[in-house]
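To keep things clear, I will list the structure first and then write my remarks on it.
Every read-out reported here was derived from the displayed coordinates using simple, explicitly stated rules and does not represent laboratory data. Quantities reported herein were computed from a predicted structural model and do not represent experimental measurements. Counting neighbours? That spans all protein chains shown, and the Cβs are built from the backbone with ideal geometry, glycine included.
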Amino acid sequence: MPVSPPGVPRGARLAGFASPAFALAALGLPVVAVLPPLYAELGISLTVVGTIFMIARFFDVFTDPVFGALGDRVRTAWGRRRPAIVVGVPVLLLGAAGLFLPPDPPSEFLLVASLLVLYLGWTLLTLSHTAWAAELSDDYDRRSHIMGALQLFGLAGAVVVVLIPALMDYLRPEGGMRLRAEAMGWLIMVALPVLFVVALASAREPATRPQPKLDWRRAVGSMLGNRALRRLLLTNL
């Protein structure tokens, strides 16, 4: 039976490793539900805003597999996943600052640039953190425990960020959409670097082991042949 290496985090260290999922999940809702109406309120046509966000999502579709493949090939003395995280944090913060703290009047160019930068940082962080989590143990149950911790922190982040607009409306009802977005942005921009520092200190990367090359047809067949994975994919549809 596969066993977990001694560096697999448990207890408080597992919580520390999983904690960045809080900030990453908290980012998801504002980007799709708060920022588009904010920029429309600031004077950019909702049609233009929707087009910009659609283009940015297509950009994300291409960057995910590219950076995923590059991440699997990286070999450094500091590990495979840590360098991408160290680069991804300031990249995402730069994009978040441009999006959540826009000038008045807003700039369409700044919106496009900030959104692309944010998605690039998001790709670097989510891919690296999730891949690192999956590599921490070969044991099925232990790996499920690790992934469950990520999901738990992600759920907490999604719940907390939903409460912020109500809190801002209670504290400063005159603030409107802009204040809500700024409050969400500051939560993310403060929590993200702190939690990733905690994560980097909480777990070690396992030694890189050679992986057999897998033809894409066999890879797709293997995924479709996995009953549990098929169910998961169906829920996403």
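Give, in nm to one decimal, the length gained when the segment between L234 and V48 is fully stretched (0.36 nm per residue of separation minus the Cα-Cα distance).
Gain on extension, L234 to V48, equals 63.8 nm.
How would you rank W122, W78, going from fewest to most other Cβ atoms within 10 Å of each one's own Cβ?
W78, W122
Report the calculated FRET efficiency for S202 and L171 (r = Cβ-Cβ distance, R0 = 41 Å), to the nearest 0.05.
Here the calculated transfer efficiency is 0.75.
Could you compute the net charge surrounding H145? Neighbours are other residues with a C-beta less than 11 Å from the C-beta of H145; K and R count +1, D and E count -1.
+1
Could you work out [θ]222 nm for the chain from helices alone, using -39500 (n - 2.57) per DSSP H run of at least four and dividing by all its residues? Round to the nearest 500 deg cm²/dmol.
-25500 deg cm²/dmol
What's the angle, to the nearest 10 degrees (0 to 90), between helix 20-29's Cα axis and the longest principal axis of the chain?
40 degrees
Defining a contact as two alpha carbons under 8 Å apart and six or more residues distant in sequence, what relative contact order in percent does region 41-191 show?
It rounds to 25 percent for region 41-191.
If you take the Cα Rg of region 59-156 and divide it by 2.2 N^0.38 Å, with N the number of residues, what do you get?
Cα-based Rg divided by the globular estimate yields 1.26.
Can you give the local net charge around A183? Use residues other than it whose beta-carbon is closer than 13 angstrom to its beta-carbon, Lys and Arg +1, Asp and Glu -1.
Overall, the nearby charge balance is +1.
With semi-axes √(5λ) of the Cα gyration tensor in Å in mind, check (1) 27, 22, 19; (2) 34, 21, 17; (3) 29, 22, 17 and report the label derived from this structure.
Looking at semi-axes √(5λ) of the Cα gyration tensor in Å for this model, the match is (2).
Would you please name the trypsin sites (Lys or Arg not before Pro) within region 15-96 that are DSSP coil residues with at most 10 other C-beta atoms within 10 Å of their C-beta?
The qualifying sites are R75.
Obtain the nm distance between the two label points defined at H145 and S107 by a simple spin-label model: each point lies 7 Å from its Cα along the Cα-to-C-beta direction.
5.0 nm
Sort R142, R180 so the one with the fewest other Cβ atoms within 10 Å of its own Cβ comes first.
R142, R180
For helix 108-135, report the angle its Cα long axis makes with the longest principal axis of the Cα atoms of the chain; keep it between 0 and 90° and round to the nearest 10°.
Helix 108-135 sits at roughly 20 degrees to that axis.
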